[in-house]
Each structure stands twice: as C-alpha cells, then as structure tokens.
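The values are calculated or read from the model by the stated rules, or taken from the named source; none is laboratory data. Keep in mind the model is a prediction, meaning the values are calculated, not measured. So basically every Cβ, Gly included, is an ideal-geometry build from the backbone, and we count neighbours across all protein chains shown. Ligands, DNA and RNA are excluded from the accessible area calculation, which covers all protein heavy atoms including side chains. Shrake-Rupley method; radii C 1.70, N 1.55, O 1.52, S 1.80 Å.
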Amino acid sequence: MTKAGSKGGNLRDKLDGHELDLSLSDLNEVPVKELAALPKATILDLSCNKLTALPSDFCGLTHLVKLDLSKNKLRQLPADFGRLVNLQHLDLLNNRLVTLPVSFAQLKSLKWLDLKDNPLDPVLAKVAGDCLDEKQCKQCANKVLQHMKAVQVDQERERQRRLEIDREAEKKWEAKQRAKEAQERELRKREKAEEKERRRKEYDALKAAKREQEKKPKKEANQAPKSKSGSRPRKAAPRKHTRSWAVLRLLLLLLLLCVAGGLVACRVTELQQQPLCTSVNTIYDSALRGLRSHDILRWVLQTDSQQ
C-alpha cells in the first residue's frame, strides 16, 4: 500500500493534469475533504480504500468524467450525488450499497456502471444485471438510470399525492374551523337576541307594575271615606235595621197564623167545648162586639176580667 506522504506528492503533481489516482491509499490519513480543492478534476480513482461514506463536499467535483470507488466499504452515496452531471464512467464494484440516492437519476451522461458484489435491493439488483463486459456495463448504466428516473417520478408523484392530501386535510380543517366559527357567531348572536328579549320583557313588566302602582292610589282615594266635615253616612247600619225588621215582620206573621189557626180550630172543630177554646171563643166574640161598637178600651178590660 502506498504511503500517504507519497500519495500527497502525487496529488499535487497530477493536479494540473486533472487526473488523480489515490488507489491503494489509506484515506484515513489523507482526508477526502481535501479533494474539494480539485474542483476541475476529471478522473478520480479512490479504489481499494476503507471508505465507508463520502462527504457532501465530494459532490462539488462536478467536472468528474470517470470515478472509481470500487473495493471500498461504502454503505450509501451522498444524497446529492446527482450533481456529478458530467460523470460517464462509475465503478462501484465490491461495496456495501443497498440502494442508490434518487438524485442518481440526474446522471444523464452516465454510459458505464458496475454494481457487482453489492448487497443491492432485489429490484435494483435485477435491473442492474451483470457487468462482465463493456456491453453489459453500458446496459447496466442505461437500465439503472431508467429505473432511478422511474423511482424519482414515483417519489415525486407520491410527494405530490401527500402534498395534495395535506392540502385537502388543511382545507377540511379550515372549513371545519370556519363552520365552527360561524356556529359560535350564530350562537353568540342568538344569545344576544335572547338577552335583549329578556331585558325587554323585564322592562315591560317593570313598566306595567309601575302603572299598576300609579293606579292603586287613585282607586283607594275614590273608595276611601271622606273626612268628618264632608263625609256621607254609612249605609251599613240601615242594612242591619232593615234585616231586623224583616225578621220581626216574619215572626209577627207566623204568630198571627198560629192565632188564626187556633181560633178556627176552636170555632169549627169539636174542641170548642174545651175550656181553652171556650175562653178563646169568648175573647173572639168580645172582640167582634168591641169592634162593632168601636169601644176598644172596654173590650180590652172585659177580656182581662174574664181571664
């Protein structure tokens, strides 16, 4: 294995020729980031090293035409590997790659590709096929580019689909928010109208009660008794006297009926022989004679003496 020091000398010696060979170097001692100092390099050989990853600065070597990364330990390529748009020959033999970055589809100048001896995804491995001769390696480059373009289109379509879903979800959320706000506004409007109606009813009730209170003093003034100087006699006493006289007249009428009944019984029935009826008949006869002679006083005296 060539020492880093000697390789460092070769790095500067070949800088003007735009060709750099770092194969069989220990890049743990020669940092790959130093390659960014060679932006116009066209051919780069990094094979047979212990590279496990490439820095993002590596993709700044946009003038590369031929790149050899075979027999390393690369697990993935930088996401912006597609920036190497002038790349025509790419050797990735015997690494640990499973997939390729989507930007790989931008390597439109790629004519030769070797992906043998990598644990590729079964679909990608089937597309790549073998690279045992020049023709197969060219076919591999063409097929892999077409496959990665299809993957890129699918991912873009999926991204657009997810973006559309997100937009639809956002629209639904906005519509839901608008509906919720409209409902809240309608609720506040209804509550405000109900509160206004309640206050109006309370005001009308208070106004009606006030009118009733204003009417009551007038009625009481009209119904209240006047002062002693101008008051009218109450009619309650005459009503009581009228009722008493009616009862007295009724009692007198009942008494007269009883007397008349007893007089008739003593004059007509067999009871006229009884001592009481004899006295009654005698009084009755005396009364008749007194009435006939208009001597009421003498009749009264005779009646008392007979009794």
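Some points to look at:
- Protein-only accessible surface at a 1.4 angstrom probe places the residues I165, I283 in the order I165, I283, largest first.
- List Y284, Y203, ordered by accessible area with a 1.4 Å probe, largest first: Y203, Y284
- Rolling a 1.4 Å probe over the protein heavy atoms leaves D68 with an accessible area of roughly 40 Å².
- Heavy-atom accessible area ranking, 1.4 Å probe, most first, across V65, V268: V268, V65
- About the Cα centre, charge dipole magnitude for region 97-208 (Lys/Arg +1, Asp/Glu -1 at Cβ), debye: 860 debye
- Among 204-211, 56-63, sorting by the average number of other beta carbon atoms lying within 10 angstrom of each residue, highest first, gives 56-63, 204-211.
- Taking the Cα centre of region 144-199 as reference, the dipole from Cβ charges on Lys and Arg (+1) and Asp and Glu (-1) amounts to some 300 debye.
- Per-residue surface analysis assigns D166 an accessible area of about 100 Å², computed on protein heavy atoms at 1.4 Å probe radius.
- On the principal axes of its alpha carbon atoms, region 136-216 extends 117, 7, 5 Å, with the longest extent given first.
- Measuring against 29 Å, Cα to Cα, the residue pairs K108/K135; K189/K216; K71/K138; K71/K149 contain K189/K216 as the ones spanning a longer distance.
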